[in-house]
1. Determine, yes or no, whether ASP49 is without any contact (Cβ under 8 Å) to a residue 40 or more places away in the chain and touching a Lys or Arg at 6+ places or on another chain (Cβ under 7 Å).
2. With at positive phi and either crowded, with 18+ Cβ neighbours inside 10 Å or outside the structural domain of LEU207 (by TED's automatic domain parsing) (or both) as the only criterion, which of GLY336, GLY360 stands out?
3. How many residues, within segment 164-176, are small (Gly, Ala, Ser) and either within 13 Å of ligand 1 (Cβ to nearest atom) or open to solvent by less than 10 Å² (accessible area, probe 1.4 Å) (or both)?
4. So which helices (runs of 4 or more DSSP H) stay within segment 206-311 end to end and still have 2 or more residues that are in contact (Cβ under 8 Å) with a residue 40 or more places away in the chain and in contact with a helix residue (DSSP H, G or I) (Cβ under 7 Å, 6 or more places away or on another chain)?
5. Please work out which residue is surrounded by the most Cβ atoms within 10 Å (Cβ to Cβ), limiting yourself to segment 377-391 and to residues that are assigned to a loop (DSSP other than H, G, I, E, B) and more than 15 Å from ligand 1 (Cβ to nearest atom).
6. Can you confirm whether segment 177-187 contains a residue that is within 15 Å of ligand 1 (Cβ to nearest atom), touching an Asp or Glu at 6+ places or on another chain (Cβ under 6 Å) and modelled with pLDDT of 95 or more?
7. Out of everything in segment 138-163 that is within 18 Å of ASP359 (Cα to Cα) and of a type outside the set (A, V, I, L, M, F, W, C), what residue ends up being farthest from ligand 1 (Cβ to nearest atom)?
8. Name the residue that is surrounded by the most Cβ atoms within 10 Å (Cβ to Cβ), counting only residues in segment 62-85 that are outside any loop (DSSP other than H, G, I, E, B) and under 22 Å from the mean Cα position of the chain (by Cα).
Amino acid sequence: MKIASARVIVTCPGRNLVTLKIATDDGLHGLGDATLNGREKAVVAYLEDHVIPCLIGRDPHRVEDIWQYLYKGAYWRRGPVTMTAIAAVDTALWDIKAKAAGLPLYQLLGGRSRDAVMVYCHANGADIAEAVDSVAAHMAQGYKAIRAQAGVPGLDKVYGVPKGGAPYEPAEKGLPVETVWSTEKYLDHAPKLFETLREKFGFGLHLLHDVHHRLTPIEAARLGKALEPLRMFWLEDPTPAENQDAFRLIRQHTVTPIAVGEVFNSIWDCKGLIENQLIDYIRATVVHAGGITHLRKIAALAEIYQVRTGCHGATDLSPVCMGAALHFDIAVPNFGVQEHMPHTAETDAVFPHAYTYRDGFMYPGDTPGHGVEIDEALAAKYPYDPAYLPVARLEDGTLTNW
Ligand code: GCO
Ligand code: MG
């Protein structure tokens, strides 16, 4: 079997999504997600100009060799654009391999380690009362793990909290929107949300919270300590992780579990955090961390340090990534939880899929491959529409982490 062709498909059924489709001379095809939120066209060019010409004629079964070829062969290693492009190829090749075998992808990854994949959803509100209602509504849908975010008094726009009750979507049309951030206003308010949630709903529910890289290590330590009695499932991205040692300070002060890694793209980004047991959950996922091939290596490293997986699964990761992630999740021994932000109905129609949600859990399905396809005619009806993540400034105008 040989790779006969490969194409990049860009579609915007509510948000921009990039898909790589690889076809073989045997008539099989595989799909890989190549979406890098706000930088979509960079990955499109990387794939079209530099990767696809090198793929034609290769044996698609040689998944590891092609991964090494694209990683080592570029000389310029790592980085989100490169690793997203490699991930797209890798996911499409695993899809082809599993289809050729007539098996769901998880069977090629060692088979199921569990019956179902626990997922967490997003609950949010303009204030604590609204966030409480949103948590109640998600509990009614069966979710066992819920991420809660609430507006902060004195701040107009807060990460994770949409305006007007719409589902949260991080990217906005047009050039980047500027938002204002105040750590002082947030830091005293955040514990109140979780105190209220525990008072209302007790401790039988997993609660998660995303700090979205906003705090310094000592501020993060303070928040972790304040949240300790509320027994969080995790506190996510408490501080930026370029300097992995920053997490030592957080760890010295709190036993609140820490989750990091949605922006990571290689094992080198998380090596120190895992080996020094500075985190509890690693959030790298298929599309931004080099595909199934590389993510398995990250998970294997994490396993020996009792760090569990918690794959990123926001709406900017397409259904193709979600499908592949669910096969990974159900197979990997040290699975923790999977993020689930449901896509719009338009997106689900463009990407028919075998995966399903039921009562707090997701199931990858048993279709050969990763179980996600693309309706190209429908995809063509939604042309690319530039959108960006917001930027954040402090109240004095200083640019800060969004
Ligand atoms: C999450 C993330 C997202 C990101 C988004 C960026 O935990 O789901 O933080 O909301 O901000 O995926 O593209
Ligand atoms: Mg996050």
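1. Details: without any contact (Cβ under 8 Å) to a residue 40 or more places away in the chain: yes; touching a Lys or Arg at 6+ places or on another chain (Cβ under 7 Å): no.
Criteria not met by ASP49.
2. After ruling out the rest, the residue left standing is GLY360.
3. Result for segment 164-176: 1.
4. Where helices (runs of 4 or more DSSP H) fall fully within segment 206-311 and carry at least 2 residues being in contact (Cβ under 8 Å) with a residue 40 or more places away in the chain and in contact with a helix residue (DSSP H, G or I) (Cβ under 7 Å, 6 or more places away or on another chain), they are 291-304.
5. TYR382
6. No.
7. That would be GLY142.
8. That would be ALA85.
The values are calculated or read from the model by the stated rules, or taken from the named source; none is laboratory data. These figures come from a predicted structure and were not determined experimentally. Please note: Cβ atoms are built from the backbone with ideal geometry, for glycine as well, and neighbour counts cover all protein chains shown. These accessible areas exclude ligands, DNA and RNA; they are computed on the full protein's heavy atoms, side chains included. Shrake-Rupley method; radii C 1.70, N 1.55, O 1.52, S 1.80 Å.
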